[in-house]
Each structure stands twice: as C-alpha cells, then as structure tokens.
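Heads up, the thing below is written out as structure tokens.
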Amino acid sequence: MTTTSAARIRIVWDWNGTVRDDLGDHVAALNATLPVLGGKPVSVETYRSQHRVPIRSFYDHLLGRTITDQEWSDNDAAFLDVLHRRPVQLRAGVRQLMMGLRARGVGQSLLSLAPHERLLTEVRQVGIGGLLDRIDGRIGPSVSTKAPALAAHLAALGPGIDPSTVVVIGDSADDAVAARAVGAVPVLHTGGLHCPERLAAVGAPLVDTLAEAVEVGLAEVAAGRKARP
C-alpha cells in the first residue's frame, strides 16, 4: 500500500484564475473583442456566471449566434494579445505557499488549458518555475474539458503516481470534473473565473484562499488513506 507521507502527496495547480490572479484581465480581454463581433461588454458577474470552455462557445453564447472560423481566428488572436499586454500577477501569498509546500516535501505541478508556450512564458516572468516539477499547457486547438490533459499530465510525471494522493486546485467546475475523472481530490477556489454558485453545484470543497485549498486538500487525502482497508 502506498505510504501516506507528505512526499507521496502531490498538488496540481490550475493557472488562470487560480495561481494567476487574472479575472480582471480576462474580462478586459473579452470586452475588448466582443464589440468587434457585434456584442456588448459584460460585467464581471456575467463573466463568472456564464463563462465556459472552449472559449469559442462562450462567444457564441454571449452573441447568440455561431461565429465563423475567420471571426474566431481573428478574435482569439486579439483576445490573447490583450492578455499578453497585461502584467502577470500572482494571487497573494501563493509564492510563499508553494515554497512552504516544497519544504514539506509535497510535489507540485501546473496544468492549464492556456496555450503551452504562452504558459511557459508567463511562469518564467513570475519566477516560480523552479518550484514546479512539471508545467503543461494546451498544445493544439481549444478543448471543452481538462480531464484528458490531466490524465496525460499525471502519466508524464512518471510511474507510481497514485491519483488518490493528488490534489487538484482550481477555480472552475471542470477542474473538479477532471480531478474526479482520474481519481484525484478536487478543491475549488471561489475567487477565480467561475462564481461560487456554479462551483457549489459540483459538490467539491469550496475555499476562499489558496492556503485553505492546500490544507483542505491534504486533509482529504489523509482521510481517504485512513478509510482504505
């Protein structure tokens, strides 16, 4: 049976809305591009209550029509350009939190559906790459769920990874869905891209800070290990 020591526990962090504090950036990028497509700017509340992936379907939903391939190509580039021009801001205290986890022997990695090269650039800008065992972003077109990427991410971390000792910390309902699909423990942060009401619907633990997310996740792993015969 796998040991319950901290060295065997792993946290998989989400990036946008979780480690990166960028809800305002995403709303600004959306509002910079919607009018070009005939839409109206949205509020933060509307963004959080209606956001969905892939982002193209979010635009379709807000516009009430299906955008063309060319519109999407132009719009996606413009959206990412707005994000690129805004400074990367980490959520308060996350660097110190990651350093503390590293000292405790807890493995950490980062998984995002943001474009891979862009993700690597942003992580380099804030200097936390050395605290992470692996960083994976999206390679290829946008997808509707993180579950396959999470399975591939855990496999890439090497043999012997026990999903039941993996805590997935994110800010969207899909983070919880993906975690459960591979047998990991989800914990959702309420300050990101999805509103708490949407997060509550998936039944995963909800917390207001990343420090709480870590402690709740580690406690869930410990409880799960104790419950096994």
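The values are calculated or read from the model by the stated rules, or taken from the named source; none is laboratory data. Since the structure is predicted, the reported quantities are computational estimates derived from the model, not experimental observations. With ideal geometry, Cβ positions are generated from the backbone for all residues, glycine too; neighbour counts draw on all protein chains shown.
Structure notes:
- Beta carbons closer than 9 Å, at least 6 apart along the sequence or on distinct chains, pair a first residue in the stretch 7-18 that is in contact (Cβ under 8 Å) with a residue 40 or more places away in the chain and basic (K, R) with a second that is surrounded by fewer than 24 Cβ atoms within 10 Å (Cβ to Cβ) and part of a strand (DSSP E or B) for R8/G107; R10/G107; R10/Q108; R10/S109.
- Only one of the listed residues (A222, A156) is more than 24 Å from F58 (Cα to Cα) and either among the basic types (K, R) or touching an Asp or Glu at 6+ places or on another chain (Cβ under 8 Å) (or both). That residue is A156.
Per-residue answers, yes or no, for (1) over 30 Å from Y47 (Cα atoms); (2) modelled with pLDDT under 95:
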{"position": "K146", "(1), (2)": "no, no"}
{"position": "G158", "(1), (2)": "yes, yes"}
{"position": "I169", "(1), (2)": "no, no"}
{"position": "A176", "(1), (2)": "no, no"}
{"position": "T190", "(1), (2)": "no, no"}
{"position": "E212", "(1), (2)": "no, no"}
{"position": "E215", "(1), (2)": "no, no"}
{"position": "A219", "(1), (2)": "yes, no"}
{"position": "A227", "(1), (2)": "yes, yes"}
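- For the stretch 7-43, a tally of residues being of a type in the set (V, I, T) and outside any helix (DSSP H, G or I) returns 6.
- As a summary of the residue check, L101 satisfies the conditions (1) at pLDDT 95 or above; (2) in contact with a Gly (Cβ under 6 Å, 6 or more places away or on another chain) except for the one numbered (2).
- Applying the set (1) without any contact (Cβ under 8 Å) to a residue 40 or more places away in the chain; (2) hydrophobic (A, V, I, L, M, F, W, C); (3) farther than 29 Å from P196 by Cβ to A78 leaves exactly one unmet item: (1).
- Among residues of the stretch 41-56 that are closer than 17 Å to D175 by Cβ, those with a Cβ under 7 angstrom from a residue that is of a type in the set (G, A, S) and modelled with pLDDT under 95, sequence gap 6+ or separate chain, pair up as V53/S142; V53/S144; P54/S142; P54/S144; I55/S142.
- A28 being aliphatic (A, V, I, L, M) and at pLDDT below 95: no
- Residue match in the stretch 98-110 (condition: outside any loop (DSSP other than H, G, I, E, B), buried (at least 19 other Cβ atoms within 10 Å of the Cβ), touching a Lys or Arg at 6+ places or on another chain (Cβ under 7 Å) and not polar (S, T, N, Q)): yes
- Members of the stretch 59-91 found to be within 16 Å of D25 (Cα to Cα) and hydrophobic (A, V, I, L, M, F, W, C), listed by number: A77, A78, F79, L80, V82, L83, V88, L90
- Whichever residue in the stretch 111-133 is in a helix (DSSP H, G or I) and among the small types (G, A, S) and, among such residues, is farthest from W13 (Cα to Cα): G130
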